[in-house]
Structure formats: C-alpha cells, structure tokens
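What follows is one structure encoded as structure tokens, with my remarks underneath.
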Amino acid sequence: MERRPTVVHQAPVDRTPAGKATAGQARAGGARSARLPRDERRAQLLAAAQEVFVANGYHGAAMDEIAETAHVSKPVLYQHFPSKRELYLALLDSHLSALTDLMMGALNSTDDNDERVQAVMRAYYRFIASDDQAHRLVFESDLINDSDVSSRLETFNKAFADAIARVIAEDTKLPMLEAQLLGRGLAGMAQVSARYWLETDGNLDLDVASDLIYRLAWRGISRFPKET
C-alpha cells in the first residue's frame, strides 16, 4: 500500500516587511512610536510628562504612565531620563527658558517705557494663554518647595525682576536696591494677576485683562520723578 505523506496544518502566518509588527502584534504589545531622532523623541517625552504631571501632580505621576502616554517602552524613557526627578527638572528648565526669552524680548522690543510695561504684561498673559499646562507645572507644582525647583524659580524671578529694575533705575534715577524692589513688585503683579485671569476660563478677554494690569502698573511707576 502506498504511504501518503503526513500533512501538518499550521496557523496562518502574517507576512510583513522585515522589522514591522502585524496589527495583531501591535494590539498585543501596545502601540509604540516609530524610531525618532533624539531631539524629537526628547520633545515627545517631555510633552507626555507634562500631561501626566499636570493631571496627577509630581508625586502622583508614575514613569509607567508617562511611557504609556508617550507610546514608548520604559527602557526608552529611561534612556533619555534616568529618573522622574530629572524628567521634571528638564521640563521645568525648558519652560523657564522659554518664558525668560519671552519676557526679555518684550522688554527689549522698544525704548518707550510705557510700551515696555504693556509689552511685558501682554507677553506674560499670552504665555499662559498659549500653554496653561506649562504655567501650572512651573508655578503650581507640588514639588515647588524642593530646593532644586525653588532655586530655578528664584533664578528666573531674579533675572526678570532685575531686568525690569535696570530700566526703572535708568529712567527714574532711583538707587538700584529701590529699583529692584519695584522690579519684583511689577514681576509679581504680572504673575499673580495672570494666574487669577487663568481661573476666569476665558470670561475676561486676554487683551482687556493684560491692559488693565499694564495701566495699573504704569500709572504707579510713571509717577516716580527723574532726578533734575
């Protein structure tokens, strides 16, 4: 009797280009981002971290959730940021650098001090309007009393206030120490009022709000007489 070969039936195999997962594999393993240049990957991770930090606070945020939000594996996340703390500080540095550039740009945009005050107030309000998550992360974090965080905030506040103070001292001929106090006052006025404006949820127009604070600040600072 002729012996027939034994046929073994196997499950169908998905044939895909080398290195690419099938749809089923993607669903099983979780969607992962394609390979990105280092700078783009870093920006992606920072954006995901910001979302998680703002939603849960620093202490409530987990690296697992940040990796999941960024659609990367934890090893990829740790390759760029060895710890949650380093990730938070990198995010803080990025926002403070952007805000510093914005404030200095407004201060240097004109030689007219009236227009300078207006430009600074409007720039600050527009910063938090364009990215209120960044503002909350910088100024409302549950890590704000940490020494590394507070020192970074103080460096920013000092640089901002000192830049204002130099303009005030030049225009009013006040001693630098007095001008620095006024600079701190104006910087604080921008920060506190803008944070309150954020809570109005758009019920007060941005330009109207920033113009109100600008007029309050300018009517005060412009009354300091120059030395005759």
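Which ranges mark the helices (runs of 4 or more DSSP H) fully within region 113-228 that have 2 or more residues being over 16 Å from the mean Cα position of the chain (by Cα)? Spell out how you get there, then give the answer.
Working: elements: 113-130, 132-139, 147-172, 176-199, 206-221.
In region 113-228, 113-130, 147-172, 176-199, 206-221 are the helices (runs of 4 or more DSSP H) which contain 2 or more residues that are over 16 Å from the mean Cα position of the chain (by Cα).
Under 7 Å between Cβ atoms, at least 6 apart or on separate chains: pull out the pairs that start in region 141-155 with a residue that is surrounded by 12 or more Cβ atoms within 10 Å (Cβ to Cβ) and end on any residue that is acidic (Asp, Glu).
152/93
Sort through 76, 138 and tell me the only one that's of a type in the set (Val, Ile, Thr) and out of contact with any helix residue (DSSP H, G or I) (no Cβ under 7 Å at 6 or more places or on another chain).
Details: 138 fails: out of contact with any helix residue (DSSP H, G or I) (no Cβ under 7 Å at 6 or more places or on another chain).
Checking each option against the conditions leaves just 76.
How many of the residues in region 208-217 are closer than 15 Å to residue 116 by Cα and open to solvent by less than 60 Å² (accessible area, probe 1.4 Å)?
Summing the residues that are closer than 15 Å to residue 116 by Cα and open to solvent by less than 60 Å² (accessible area, probe 1.4 Å) in region 208-217 gives 5.
Charged (D, E, K, R) and either touching a strand residue (DSSP E or B) at 6+ places or on another chain (Cβ under 7 Å) or crowded, with 17+ Cβ neighbours inside 10 Å (or both), is that true of residue 122?
Against the criterion (charged (D, E, K, R) and either touching a strand residue (DSSP E or B) at 6+ places or on another chain (Cβ under 7 Å) or crowded, with 17+ Cβ neighbours inside 10 Å (or both)), residue 122 qualifies.
Of the conditions (1) within 21 Å of residue 220 (Cα to Cα); (2) open to solvent by 70 Å² or more (accessible area, probe 1.4 Å), residue 101 fails just one. Which one is it?
The one condition residue 101 does not meet is (1).
If I ask for residues that are charged (D, E, K, R), more than 11 Å from residue 190 (Cα to Cα) and touching a residue at least 40 places away in the same chain (Cβ under 8 Å), which ones from region 103-139 would you list?
Hits for region 103-139 are 114, 116, 126, 132, 136.
Just for region 156-176: of the residues that are aliphatic (A, V, I, L, M) and either in contact with a strand residue (DSSP E or B) (Cβ under 6 Å, 6 or more places away or on another chain) or free of Cβ contacts under 8 Å to residues at least 60 places away in the same chain (or both), which one is surrounded by the fewest Cβ atoms within 10 Å (Cβ to Cβ)? Please lay out each step first, then the result.
Of the residues in region 156-176, the ones aliphatic (A, V, I, L, M) are 159, 161, 163-165, 167-169, 174, 176.
With either in contact with a strand residue (DSSP E or B) (Cβ under 6 Å, 6 or more places away or on another chain) or free of Cβ contacts under 8 Å to residues at least 60 places away in the same chain (or both) added as a condition, the list becomes 159, 161, 164-165, 168-169, 174, 176.
Numbers: 159: 15, 161: 20, 164: 26, 165: 23, 168: 21, 169: 18, 174: 19, 176: 13.
This residue is 176.
Would it be correct to say that residue 100 is under 16 Å from the mean Cα position of the chain (by Cα) and either aliphatic (A, V, I, L, M) or within 30 Å of residue 171 (Cβ to Cβ) (or both)?
yes
For region 190-203, which residues satisfy the criterion of being open to solvent by 30 Å² or more (accessible area, probe 1.4 Å), of a type outside the set (Ser, Thr, Tyr) and either free of Cβ contacts under 8 Å to residues at least 40 places away in the same chain or touching a Phe, Trp or Tyr at 6+ places or on another chain (Cβ under 6 Å) (or both)?
Those that are open to solvent by 30 Å² or more (accessible area, probe 1.4 Å), of a type outside the set (Ser, Thr, Tyr) and either free of Cβ contacts under 8 Å to residues at least 40 places away in the same chain or touching a Phe, Trp or Tyr at 6+ places or on another chain (Cβ under 6 Å) (or both): 192, 199, 201, 202, 203.
Restricting the search to region 50-99, which residues are among the polar types (S, T, N, Q), over 29 Å from residue 126 (Cα atoms) and either in a helix (DSSP H, G or I) or touching a strand residue (DSSP E or B) at 6+ places or on another chain (Cβ under 9 Å) (or both)?
If the condition is that a residue be among the polar types (S, T, N, Q), over 29 Å from residue 126 (Cα atoms) and either in a helix (DSSP H, G or I) or touching a strand residue (DSSP E or B) at 6+ places or on another chain (Cβ under 9 Å) (or both), then 79 is the only one that fits.
The values are calculated or read from the model by the stated rules, or taken from the named source; none is laboratory data. These numbers come from a predicted model, not from an experiment. All Cβ positions, glycine included, derive from the backbone under ideal geometry; neighbour counts span all protein chains shown. The protein model used for the area step is the full one, side chains on, heavy atoms only, and it has no ligands, DNA or RNA in it. Shrake-Rupley method; radii C 1.70, N 1.55, O 1.52, S 1.80 Å.
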